[in-house]
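Here the structure comes first, spelled out in structure tokens, and everything after it is commentary.
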Amino acid sequence: VALEAAGAEPVVARLAALAEPDGWPQTICRPPRYRPGARVQDLTLGTAGVLLGALWARRSGVAGATGVAEHAAAVLVAEAEHEPTGSNWHMVPPRFHTDSRDAQMPNLSHGTAGIAAALAVAGAELDRTDLTAAARSGAEHLVSLGDVSVRCSWTPGSEQVTTRTSTSRSSWPTRWSS
């Protein structure tokens, strides 16, 4: 789809056919850590990735892409965890967790940053202010998670605090993006 290669139509049609009310079936997150039927929301493996792919297919004029994008956006908005600081998303919605200690990964690939980014693009592409508002709420929550006191960064759910001793970008901690 990204290279406008042939074959996008059957991919979008398959995504439309596989769509369920709460997302798409997957085979990666399974028991015992997750309940059967778990959904993945993230940008790399889940609904946010479906959303961006469908938006790109829509730009290329692929039939059915708008419907897939609308459905993916609706699923992500419905799964938002509303916190006092804004909206949060786990890679897998908490209702599918079997362990309350599931790690929070707020990064681009597996968490709030990627889902908020996908919703922001969808809001602009579909001219939907509700999606843009959801993206903004996710960004506000994401900003609230960072602790850069005493020149360090900290990721929720991690016991590791990495101190930055230099202003050289190569020495900065990479925990936020991993």
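The values are calculated or read from the model by the stated rules, or taken from the named source; none is laboratory data. Since we're looking at a predicted model, the values are computed, not measured. With ideal geometry, Cβ positions are generated from the backbone for all residues, glycine too; neighbour counts draw on all protein chains shown. Just so you know, the surface numbers come from the protein's heavy atoms only, side chains and all, with ligands and any DNA or RNA stripped out. Shrake-Rupley method; radii C 1.70, N 1.55, O 1.52, S 1.80 Å.
Odds and ends about this structure:
- Calculated SAXS-style log₁₀ I(q)/I(0) at q = 0.27 Å⁻¹ - region 1-70, Debye, Cα scatterers: -1.20
- Backbone N under 17 Å from the Arg59 label point (7 Å along Cα→Cβ), restricted to region 106-136: 117-128
- Rg over Rh for region 1-119 works out to 0.99, both radii taken from alpha-carbon positions and Rh defined as the Kirkwood radius.
- Hydrodynamic radius of region 51-139 by the Kirkwood approach over all distinct alpha-carbon pairs: 13.4 Å.
- Each residue of region 32-42 is assigned a 3J(HN,Hα), and the resulting list reads x, 6, 10, 6, x, x, 4, 10, 10, 9, 6 Hz, derived from the Karplus form 6.51 cos²θ - 1.76 cosθ + 1.60 (θ = phi - 60°), x at Gly and Pro.
- Gained length - Ser109 relative to Glu83, 0.36 nm times residue gap less alpha-carbon distance: 7.3 nm
- Solvent-accessible surface (1.4 angstrom probe) belonging to Trp56, in square angstrom, nearest 10: 100
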